[in-house]
Amino acid sequence: MINYEIYKSKLEDRLTTLTSELSEIGLYDEKNDNWIAVPDEEESAADADENESADFNEEWDERRSTLEALDQEYRNLKRALIKIQNGTYGICEISGQPIEEKRLLAKPDARTCIAHMDQEGELPL
Ligand SMILES: [Zn+2]
């Protein structure tokens, strides 16, 4: 029997940290339930010469890819918390088998058991 409380508090703690990280580089779009990257205001307001504008583009690309990765984790955490609510937490989405406890401890938002962790990235968002 899984002790949901341990995982729930881990997930909630991480979600809190993640939300503050996300709000530093993006805005939450409530309608679509996702995060959108926003440019650094100081940088974009600067009257940039060519070099600075190249820097800015580079930074902007980086910012967007960071946000994308954090947004994916955000979704995973939310999904895991919903699973706890509806009683499907800790079940591999591929095989339907229980996810090993050591995997859940290392990654509370894991969607698959150890045997199927390679395929986790292929699951729909
Ligand atoms: Zn599995």
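Worth a mention:
- The 1.4 Å probe gives accessible areas that order Glu59, Glu30, largest first, as Glu30, Glu59.
- The chain: translational diffusion in µm²/s, Stokes-Einstein, Kirkwood Rh over Cα pairs, 20 °C, 1.002 mPa s: 131
- Residues in the range 1-97 average 68 Å² of solvent-accessible surface per residue, probe 1.4 Å, ligands and nucleic acids excluded.
- Against the chain, whose longest principal axis comes from its Cα atoms, helix 50-86 is set at around 20 degrees.
- Under 5 Å, built H, 5+ apart or other chain: amide partners of Asn34: Asp29
- Here the accessible area of the range 1-43 is 48 percent carbon and sulfur, with a 1.4 angstrom probe and all protein chains present.
- Potential lengthening of the chain between Ala115 and Asp40 amounts to 22.9 nm, from the contour at 0.36 nm per residue minus the alpha-carbon distance.
- Net dipole in debye of the chain [+1 Lys, Arg Cβ; -1 Asp, Glu Cβ; about Cα centre; nearest 20]: 1600
- Between Glu21 and Glu100, the distance separating the two model label sites (each 7 Å from Cα on the Cα→Cβ line) works out to 2.5 nm.
- Nearest-ten-degree value, helix 4-25 long axis tilted from longest Cα axis of the chain: 10
- Ranking Ala54, Ile25, Gly121 by Cα position along the charge dipole of the chain, where only Lys, Arg, Asp and Glu carry charges on their C-beta atoms, puts Gly121 farthest toward the positive end.
The values are calculated or read from the model by the stated rules, or taken from the named source; none is laboratory data. The structure presented is a predicted model; accordingly, all values stated were derived computationally and were not measured. For neighbour counting, all protein chains shown are included, and Cβ atoms are generated from backbone atoms with ideal geometry for every residue, glycine included. Accessible surface areas use protein heavy atoms only, side chains included; no ligands, DNA or RNA. Shrake-Rupley method; radii C 1.70, N 1.55, O 1.52, S 1.80 Å.
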